[in-house]
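Enquirer: Starting off with a structure, shown below.
What follows is calculated from the coordinates using simple rules that are stated; it is not laboratory data. Quick caveat: nothing in here was measured; it's all calculated off a predicted structure. Counting neighbours? That spans all protein chains shown, and the Cβs are built from the backbone with ideal geometry, glycine included.
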Amino acid sequence: MSFKNTLLNGTEGIFKPDGLTPMQKLTLRFVVVGVLFYGLTAIEGMMMRMLQVDVHSIPGIDAAHYFAIMTAHPLVGIIGSSYSIVFGAFLFLVPFLMKKPLFSIKMGNWTFLLVTFGTLTFWGSAFITHYAPLYTLYWPLPADFSQFSPVGGAFFVLGIALVMVGTILFVINIFKTITYVPEGEKREASGRSMLASATGFSWAESIFRKKSKRREHLVSLPVAAIARGTVDTLLNAGIITFTGVLILVYMVAEIFGTSLKDTAIDALLYKNWFWWGLDLIADGLVLIFVAGTWYLLATLITGKKLYMANIARLALWVELVVSWTVWSHHLMSDQAQPGILKLVSGEFVTAFELITQGLAFFITIITLWSARPLKMTNPLKFLLGGLLGFGLAVPAGIIQADLGLNRILHNTQWIIGPHVHVAILVGLTMTLYSAIYFLLPILTNGAKLYSQKLANIHFWLHIVGGIGMGAFMGMAGMKGMLRRTLYYEGEYNTFMILAAFAGALLLVAFFIFLFNIVMTVGIKGLLGIFMPAKNKTKDLLPAQE
Amino acid sequence: MVDSSVVLNGQTIAYTIYAVVVILFMLAIGYMLTREGKAGVLKTSLFSALVVFLIILGVSLHIATNVTIPWVKIDLDRHNLTADKVVNIKVANHEFKLPEETITAKVGDLVLFDVVSYDLTYGFGIFRKDNTMVAQMQVVPGHRNDLLWKFEKPGEYTIRSTEYSGPSGHQMIIKNAIVITK
């Protein structure tokens with residue numbers, strides 16, 4: 001096939017969007033939009049890397065615009081990209097693993113639309129109005145109208161609110177899919193029992209019973225992981241929505257000419273509240289979803305049972321409880337924060353993440369080991385990359401969640417480099433790439449990857465770029481470079497030039513991946529994903545002919 | 001008290017060694033997974049030992065730093081300690097207001113920085129001439145923000161906000177604001 005023909009119709013013209021089921025289309029829509037939002041995040045990240053080298057390197061971008069990018073960048077990355085890919089994958093995998101249709105494809109499509117347009121709304125607001133209180137929103141900064149437009153802020157909050165409504169619909173869809181009984185089938189366990197088993201509460205309750213009287217698990221381990229992560233997703237959506245409404249009250253009052261007193265809200269109490277909610281993502285659903293995905297991928301790649309499956313299930317439950325009690329590690333440098341909270345929640349509960357994530361790491365590796373020799377496929381390769389990312393990033397986080405070290409690390413590039421970016425770019429993103437490569441032939445009815453060579457280049461550029469960028473940012477952090485500011489005198493140029501080079505590798509890796517996928521499904525195929533499905537079945541995959 | 005730069009250097013070395021070991025481990029795993037060989041699983045006893053090791057590692061790190069890093073004890077006990085010098089700093093409208101043009105103290109003095117914010121959340125950081133950080137804390141409006149610190153080396157130190165307070169606040173810097181003499 002000619003290049004032009006492949007570009008239009010995909011490799012060997014195998015991919016036919018007309019043959020996709022509504023569920024396949026729904027999942028692919030989430031993945032395509034999630035990947036495009038990742039691209040937007042990567043471009044923004046590269047712009048910030050350049051500005052960290054030279055603040056005048058991009059004409060027309062001043063400090064206000066820089067901080068607007070810094071506000072939108074993590075939110076587009078986590079909500080626009082990761083949420084989209086994860087929601088799409090889990091809306092497909094939960095029914096796939098439970099061997100029944102999704103509770104509501106319509107609700108799934110609403111989630112897709114709300115997350116997509118919500119992300120575009122808050123991104124657009126930051127881009128146009130430079131609303132830039134960062135994702136931390138430390139009170140009263142989001143309501144500081146001497147620096148920010150209340151109208152811009154209102155649109156920003158509206159965008160986040162749309163995403164949160166979509167998120168709540170996702171949560172309902174997942175839990176209803178776990179509990180409902182498809183028409184014509186017999187109920188084998190009550191919905192309540194299914195939910196209690198999925199979230200781990202029936203296990204927690206039966207732990208005090210004799211071993212012989214303990215209840216059996218009603219859902220598989222990956223479904224339990226998805227359910228437990230979804231509990232944190234719901235709690236987080238509640239916190240973010242409440243906070244958004246609170247900020248919106250101040251904005252609406254300002255728009256109508258009344259300035260509300262910002263001291264009505266205690267800044268430290270707000271900080272505690274907000275970090276409790278944010279950690280449900282960073283230290284909750286991300287770690288739980290990732291561990292569940294590792295387990296699923298390891299069993300699918302090897303065809304073997306998960307090693308120490310019961311311990312893995314226990315670790316997921318512990319991680320859920322840990323995620324509700326770790327928030328204080330973000331307040332180690334707040335002198336008014338009670339010392340006991342810093343020690344217990346900030347240091348010791350946080351240290352449990354080393355244990356839970358360490359267990360997930362080793363259980364996955366041992367499961368893979370049990371099936372050697374394995375072929376180094378794309379899913380396996382990227383899964384190992386994801387494991388390495390968390391192997392590096394979790395201990396980096398434990399180091400900073402320490403009373404002594406936080407005094408000299410807080411808000412430095414160390415936090416955002418070796419911990420956050422290595423966790424997200426190498427740990428989370430490579431795990432998602434592994435899942436994408438695994439699901440690609442299933443979701444496309446056997447489309448053939450355009451180039452394995454390009455997939456290999458994508459892997460190496462991404463992993464070297466991700467670890468390299470995190471490392472150079474970390475080195476700058478050790479030398480005192482802060483994370484939420486600009487430097488005008490080239491104080492950290494050596495590290496920042498190297499970090500920008502590593503960032504460029506990441507960006508090139510993304511474009512190579514994008515090109516490979518476009519050539520696999522073709523432009524017509526890509527557009528066809530967004531057309532209504534001709535096949536109206538509720539089945540996940542087309543019936544075998 | 002040990003200077004914070006020593007702790008930073010120690011941490012850099014320790015984490016670099018750890019990172020290299022983990023990367024090599026994963027490269028070896030990746031290579032071995034594709035090779036013919038014994039495909040057994042880890043014995044339960046060894047797995048249990050691994051769990052115990054992770055627990056000890058997670059907890060001992062904090063115990064070790066709490067015992068060895070001297071400013072932790074000073075920080076936790078700061079309300080019972082008497083400062084040799086008290087420095088009251090006000091922050092408002094993205095500007096530090098120092099009690100005197102240059103804050104002076106001697107090596108080994110316990111200096112209490114009491115920083116009050118009248119509007120936003122800021123940061124208060126002390127930096128060396130080479131831009132490395134000595135120490136920092138958050139400055140939250142409506143609360144007491146007090147940092148008790150013992151300087152180990154003479155020199156001139158810069159004060160800089162370590163927290164984002166909007167685009168107007170990203171250059172809150174006072175160079176050579178603190179002078180420590182022998």
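Enquirer: Using Cβ counts within 10 Å as a stand-in for footprinting exposure, how do A:296, A:36 rank, fewest first?
Expert: A:36, A:296
Enquirer: Now for a separate question. Mind checking which of B:101, B:152, B:36 has the largest fluctuation in a GNM of chain B, springs on alpha carbons under 10 Å?
Expert: B:36
Enquirer: Restricting to Cα pairs below 8 Å that are 6+ residues apart, what does the relative contact order work out to for the stretch A:62-265? Please round to a whole percent.
Expert: 25 percent
Enquirer: Quick one: net charge of residue A:353's neighbours, Cβ under 10 Å, K/R +1, D/E -1?
Expert: -2
Enquirer: So how far, in whole Å, is the C-alpha centre of the stretch B:117-182 from the one of the stretch B:1-71?
Expert: Result: 33 Å between the Cα centres.
Enquirer: Taking Rh as the Kirkwood radius, which is the inverse of the mean 1/r over Cα pairs, what is the Rg/Rh value for the stretch A:7-49?
Expert: 1.17
Enquirer: Estimate the FRET efficiency between residue A:57 and residue A:117 by the formula 1/(1 + (r/R0)^6), using the beta-carbon distance for r and 35 Å for R0, to the nearest 0.05.
Expert: After rounding, the FRET efficiency stands at 0.60.
Enquirer: Between residue A:18 and residue B:46, what is the label-point separation in nm under the 7 Å Cα-to-beta-carbon projection?
Expert: 5.7 nm
Enquirer: Once both labels are modelled 7 Å past Cα along the beta-carbon direction, what's the residue B:86-residue B:31 spacing in nm?
Expert: For residue B:86 paired with residue B:31, the spin-label model returns 6.4 nm.
Enquirer: My understanding is that a pair violates if its Cα-Cα distance is over 29 Å; which of A:271/B:90; A:99/A:524; A:375/A:536; A:176/A:536 do that in this structure?
Expert: A:99/A:524; A:375/A:536
Enquirer: Could you give the spread of the C-alpha atoms of the stretch B:83-181 along their three principal axes, from largest to smallest, in whole angstroms?
Expert: Each principal axis gives a Cα extent; for the stretch B:83-181 these are 34, 27, 20 Å.
Enquirer: Give the Cα extents of the stretch A:62-265 along the principal axes, in whole Å, largest first.
Expert: In descending order, the Cα extents are 65, 35, 28 Å.
Enquirer: Another question, if that's okay. Among the aspartates and glutamates, which have Cα under 14 Å from the Cα of residue B:182 when same-chain residues fewer than 8 positions away are ignored?
Expert: Hits, sequence-local ones excluded: B:109, B:152, B:156.
Enquirer: Please state, to two decimals, what the Cα-based radius of gyration of the stretch B:4-68 comes to when divided by 2.2 N^0.38 Å (N = residues). Write out the running numbers ahead of the final one.
Expert: On the way: Rg = 16.6 Å, N = 65, 2.2 N^0.38 = 10.7 Å.
With N residues counted in the stretch B:4-68, Rg over 2.2 N^0.38 Å equals 1.55.
Enquirer: Okay, moving on. Which ordering of A:392, A:113, A:527 is given by a fewest-first count of other beta-carbon atoms within 10 Å?
Expert: Ranking A:392, A:113, A:527 by Cβ neighbours within 10 Å, fewest first, gives A:527, A:113, A:392.
Enquirer: Give me D for chain B in µm² s⁻¹, whole number, from Stokes-Einstein with Rh from the Kirkwood sum over alpha-carbon pairs, 25 °C and 0.890 mPa s.
Expert: 125 µm²/s
Enquirer: Pull out a ≥ b ≥ c, the square roots of the eigenvalues of the alpha-carbon gyration tensor of the stretch B:68-113, then state rounded if a/c is under 1.5, prolate if not and a/b is larger than b/c, and oblate in the remaining case. Don't skip to the end; give the middle numbers.
Expert: Values: a/c = 2.43, a/b = 1.71, b/c = 1.42.
The shape class here is prolate.
Enquirer: So what are the radius of gyration and Dmax for the Cα set of the stretch A:411-545, in Å?
Expert: Taking only Cα atoms of the stretch A:411-545, I get Rg and Dmax of 19.7, 67 Å.
Enquirer: With contacts defined as alpha carbon pairs under 8 Å and 6 or more residues apart, what's the relative contact order of the stretch B:83-181 in percent?
Expert: Computed over the stretch B:83-181, the figure is 31 percent.
Enquirer: Next question, about the same structure. How compact and how long is the stretch A:500-545, expressed as Rg and Dmax of its alpha-carbon atoms in Å?
Expert: Just the Cα atoms of the stretch A:500-545 yield Rg and Dmax of 16.6, 51 Å.
Enquirer: Take the alpha carbon gyration tensor of the stretch A:23-182, find the square roots of its eigenvalues, order them as a ≥ b ≥ c, and report rounded if a/c is under 1.5; if not, report prolate when a/b exceeds b/c, else oblate.
Expert: prolate
Enquirer: Another question, if that's okay. Among A:430, A:1, A:473, rank each residue by its count of other Cβ atoms within 10 Å, from fewest to most, as a rough exposure measure.
Expert: Exposure proxy ranking, most exposed first: A:1, A:430, A:473.
Enquirer: Which three lengths, in whole Å and largest first, does the stretch A:218-261 cover when its Cα atoms are put on their principal axes?
Expert: Answer, in whole Å and largest first: 56, 14, 11 Å.
Enquirer: Between the stretch A:438-517 and the stretch A:46-75, how far is it from one alpha carbon centroid to the other, in angstrom?
Expert: Comparing the Cα centres of the stretch A:438-517 and the stretch A:46-75, I get a distance of 17 Å.
Enquirer: Something else now. Given B:39, B:131, A:194, which one lies farthest toward the positive end of the charge dipole of the protein assembly as shown, if we put +1 on the Cβ of every Lys and Arg and -1 on the Cβ of every Asp and Glu?
Expert: The one lying farthest along the dipole's positive direction is B:39.
Enquirer: From the C-alpha coordinates alone, can you work out the Kirkwood hydrodynamic radius of the stretch A:257-359, in Å?
Expert: 15.5 Å
Enquirer: Can I ask one more? Based on Cβ point charges of +1 for Lys and Arg and -1 for Asp and Glu, what charge dipole magnitude is obtained for chain B about its Cα centre, in debye rounded to the nearest 20?
Expert: On the way: 17 positive and 16 negative charges, 104 e Å.
The calculation lands at about 500 debye.
Enquirer: Can you give me the relative contact order of chain A as a percent, contacts being Cα pairs under 8 Å and 6 or more apart? It would help to have the intermediate numbers written out before the result.
Expert: Details: 864 pairs, mean separation 122.3, N = 545.
Over chain A, the number comes to 22 percent.
Enquirer: Still on this structure: With only Lys, Arg, Asp and Glu charged, each at its Cβ (+1 for the first two, -1 for the last two), find how big the charge dipole of the protein assembly as shown is about the Cα centre; round to the nearest 20 debye.
Expert: In total the dipole reaches around 2800 debye.
Enquirer: Compute the helix-to-body angle for B:44-68: its Cα long axis versus the longest principal axis of chain B, expressed 0 to 90° and rounded to tens.
Expert: Roughly 20 degrees between the two axes.
Enquirer: In µm²/s, what is D for the stretch A:363-406 at 10 °C and 1.306 mPa s, where D = kT/(6 pi eta Rh) by Stokes-Einstein and Rh is the Kirkwood radius from Cα pairs?
Expert: Here the translational diffusion coefficient equals 129 µm²/s.
Enquirer: So how strong a dipole does the stretch A:177-270 carry about its Cα centre when Lys and Arg Cβ are +1 and Asp and Glu Cβ are -1, to the nearest 20 debye?
Expert: Charge dipole, the stretch A:177-270, about its Cα centre: 840 debye, nearest 20.
Enquirer: Taking amide hydrogens as modeled 1.01 Å from N in the peptide plane, which residues meet the under 5 Å criterion relative to residue A:334, leaving out close sequence neighbours?
Expert: When sequence neighbours closer than 5 places are left aside, the close amide H contacts are B:138.
Enquirer: Evaluate Rg over Rh across chain A, taking Cα atoms for both radii and Kirkwood's formula for Rh.
Expert: Result for chain A is an Rg/Rh of 0.96.
Enquirer: Select from B:43, B:153, B:106 the residue whose mean-square fluctuation is largest in a Gaussian network model of chain B (Cα-Cα springs shorter than 10 Å).
Expert: Comparing B:43, B:153, B:106 in a Gaussian network model of chain B, the most mobile one is B:43.
Enquirer: Classify the stretch A:434-489 as rounded, prolate or oblate from the Cα gyration tensor: take a ≥ b ≥ c as the square roots of its eigenvalues, call it rounded if a/c is under 1.5, otherwise prolate when a/b beats b/c and oblate if not.
Expert: Judged from the Cα gyration tensor, the stretch A:434-489 comes out prolate (a/c at least 1.5, a/b above b/c).
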